[in-house]
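Written below as structure tokens is the structure these notes are about.
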Amino acid sequence: MDAGGDWRAQLQPERRSKIVNKIVLTLRKHLPVQVPEGQGLVELQRIAVRFEDKVYAAATTQAEYLRKISLKLLSMWSYTNTQQNPGPAGSSTKGKKQKKLRCHFCKKGGHLKKDCLKRKLWFEKKGVAYDPTHKRTKAHENKNEGTVLKESGIAE
């Protein structure tokens, strides 16, 4: 028996249904609209079962299965919290203009540098793996300069 099937055999059906129930509760609590009892709850149950089945089928270990579900539940929770409390405590955006998103790479509005398509293409053109969190520092530039000079035969 392969390792993928082994962890699935150890996971009890009751445990899976508890996880599905937790997903349903989280969805009910964090959806932007109020879900009515009855048909709405049945639809949430279907969504939760489908999601759990996908994660269950894709996971290679029980730890990965639990991690993926936990991350999804956390992301729902944090998304809801950021929507309800968009600014720091005590601050209000009433009467103030919302700050518009502006990319520091291409200088266009509507997205941030980490989401910039031009930046991604630039990384690919340079032959560097794209990392949205990549930040250049003076030390990084100096280190790369020496590497380029050494590869070109200019520096020893």
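Key figures
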quantity: Gyration tensor verdict on region 7-82 (Cα atoms; rounded if a/c is under 1.5, prolate if a/b is larger than b/c, oblate otherwise); calculated: oblate
quantity: Per residue, in Å², the accessible surface of region 7-82 once ligands and nucleic acids are set aside, probe 1.4 Å; calculated: 67 Å²
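The values are calculated or read from the model by the stated rules, or taken from the named source; none is laboratory data. Keep in mind that what you see is a predicted model, and the values were worked out from it rather than measured. All accessible areas refer to the heavy atoms of the entire protein, side chains included, with ligands and DNA or RNA removed. Shrake-Rupley method; radii C 1.70, N 1.55, O 1.52, S 1.80 Å.
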